[in-house]
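One structure is given here, and the rest of the page talks about it.
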Amino acid sequence: ILVLNYHRVGDGTASPHDRALWSAGAEAFDKQIGLLARHFDVISPEDFESAAKRRGRHVMITFDDGYLDNYEVAFPILRRHRVPATFFVSTGFIDRPALPWWDEIAWLLRGTARTELDLRPWFEAPLRLDAKRQPQIQAVLRRFKALEFSESRAMLAALREASGLTPPKTVARHWMDWNMIREMSANGMTIGGHTVNHPVLSRLTRERQREEIEGCAARILAETG
């Protein structure tokens, strides 16, 4: 069983956020789903066990996070081709729309007018920003993911101060809402959990991991049944 994982669909070339999250443009996604519909057996999670026991060309399509373009761009294409997909949503972003840490990091690095940022002790030397800034964004993201939770929050606070920018507390048209998620569920899509706040789970205590996973499951159950 081949599982294809997407995050965002559309054109992210001019986005101030993490451009690495765009998995395909709308036209390319349409072609990909059309090919899968014609030549493969696209399954849902409930089909997984039975599919694993028989020969076939089984594919499962998944999305992470819960971005708005999943509903506006990907969902109509999936419906047109009559193909199911699974959307793993981070419920905290649905309930309280804000920039996730990876998009905030990209936003801070792209938006700052400064060409050098001092992020010691997390980096040995000041971080020099080139015109595109994508290499520096990826470097900061890699470092963030490797840190323990409290330390990663300290680095993000230092980045805010070094950049001279204050990220918005809320964002419009960034995430799906529960009405959209319920509509997708009613039309053959599976809704799965992707934690509450999308921390790096391996950097949390067992208790905090359980809170993130079970809290997410409880919200999805309450909103979708």
Discussion item. Among the listed residues E161, E223, E211, identify the single one that is open to solvent by less than 80 Å² (accessible area, probe 1.4 Å) and among the acidic types (D, E).
Written reply: E223
Item to complete: Identify the single condition in (1) in contact with a strand residue (DSSP E or B) (Cβ under 9 Å, 6 or more places away or on another chain); (2) surrounded by 13 or more Cβ atoms within 10 Å (Cβ to Cβ) that R153 does not satisfy, given that it satisfies every other one.
Response: (1)
Item to complete: From T224, T205, grab the single residue that is of a type in the set (S, T, Y), over 17 Å from the mean Cα position of the chain (by Cα) and more than 20 Å from I94 (Cβ to Cβ).
Response: T205
Practice prompt. Hey, could you check region 2-30 for residues that are over 24 Å from P167 (Cα atoms) and hydroxyl-bearing (S, T, Y) and say which is most open to solvent (accessible area, probe 1.4 Å)?
Written response: S23
Discussion item. Regarding region 134-149, can at least one residue be identified that is under 21 Å from F93 (Cβ atoms) and modelled with pLDDT under 95?
Written reply: yes
Worksheet entry | Tally of residues being open to solvent by 10 Å² or more (accessible area, probe 1.4 Å) and either touching a residue at least 60 places away in the same chain (Cβ under 8 Å) or basic (K, R) (or both) across region 78-101 | 13
Worksheet item: Do any residues in region 198-225 that are touching a residue at least 40 places away in the same chain (Cβ under 8 Å) and under 15 Å from E148 (Cβ atoms) have Cβ atoms under 9 Å from those of residues that are open to solvent by 70 Å² or more (accessible area, probe 1.4 Å) and of a type in the set (D, E, K, R), where the two are at least six apart or on different chains, and which pairs are they?
Response: P199/R208; V200/K145; R203/K145; R203/E148; R203/E151; L204/E148; L204/E211
Response to the item:
Residues in region 51-71 that are assigned to a helix (DSSP H, G or I) and either open to solvent by 60 Å² or more (accessible area, probe 1.4 Å) or closer than 20 Å to V89 by Cα (or both) total 5
Worksheet item: If you go through region 26-50, how many residues are closer than 17 Å to A85 by Cα and either acidic (D, E) or not in a helix (DSSP H, G or I) (or both)?
Response: 9
Discussion item. Take D11 and tell me if it is within 20 Å of F87 (Cβ to Cβ) and among the acidic types (D, E).
Written reply: no
Worksheet item: Which residues, counting only those in region 188-208, are open to solvent by 40 Å² or more (accessible area, probe 1.4 Å) and of a type in the set (G, A, S)?
Response: G188, G193, S202
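Might you check whether a residue that is open to solvent by less than 10 Å² (accessible area, probe 1.4 Å), touching a helix residue (DSSP H, G or I) at 6+ places or on another chain (Cβ under 8 Å), within 30 Å of M60 (Cβ to Cβ) and in contact (Cβ under 8 Å) with a residue 12 or more places away in the chain occurs anywhere in region 106-125?
For region 106-125, residues open to solvent by less than 10 Å² (accessible area, probe 1.4 Å), touching a helix residue (DSSP H, G or I) at 6+ places or on another chain (Cβ under 8 Å), within 30 Å of M60 (Cβ to Cβ) and in contact (Cβ under 8 Å) with a residue 12 or more places away in the chain: present.
The values are calculated or read from the model by the stated rules, or taken from the named source; none is laboratory data. Note that the structure is a prediction, hence the values are computed from the model and not measured. Neighbour counts run over all protein chains shown; Cβ positions are idealised from the backbone, glycine included. For accessibility, only protein heavy atoms count, side chains too; no ligands or nucleic acids. Shrake-Rupley method; radii C 1.70, N 1.55, O 1.52, S 1.80 Å.
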